[in-house]
Amino acid sequence: MLIVGGLMAASVSIPAAYRGAGVVTALAGAGMAYLAGRTRTGDNRFRRAALALSITIVFVTSLLAVSVVLFGGFVATVTLLAVFPLAAGTVLMTRPAALSWPDQESQ
């Protein structure tokens, strides 16, 4: 959802600053997808990096999306909706069961 929302914002005819924010959002979504894929292999370094990136994405994307909506635009709606599953995933990744998951897979 984050990548789709960013690409939508980058491709419509809106001011360049909003299109640039769309590109940044799409790149952040691609980075999060890469880190999530590497986290599934059980590497804790990528899990910690994914947590840091997702917290940063939630904060920055929320600010970008709210500013676009306040200044009159509906392009950021998909991006703003993508923040909710990302925040939920961040919380769930810090649960004790998720922390011990890679150890259970290797046994």
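Every number here is computed from the coordinates shown, using simple stated rules; none is lab data. Every value quoted in this text rests on a predicted model; they were computed, and no experiment measured them. Cβ sites come from the backbone with ideal geometry, for glycine too, and all protein chains shown count toward neighbours.
At a glance:
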quantity	calculated
Flag if Thr41 is closer than 16 Å to Pro85 by Cα and either touching a helix residue (DSSP H, G or I) at 6+ places or on another chain (Cβ under 9 Å) or not in a helix (DSSP H, G or I) (or both)	no
Test result for Leu35, without any contact (Cβ under 8 Å) to a residue 40 or more places away in the chain, buried (at least 17 other Cβ atoms within 10 Å of the Cβ) and not in a loop (DSSP other than H, G, I, E, B)	yes
Test: residue in the range 57-64 that is exposed (fewer than 13 other Cβ atoms within 10 Å of the Cβ), assigned to a helix (DSSP H, G or I) and either in contact (Cβ under 8 Å) with a residue 60 or more places away in the chain or among the polar types (S, T, N, Q) (or both)	no
Test for Ala9: is it aliphatic (A, V, I, L, M), in contact with a Lys or Arg (Cβ under 8 Å, 6 or more places away or on another chain) and surrounded by 13 or more Cβ atoms within 10 Å (Cβ to Cβ)	yes
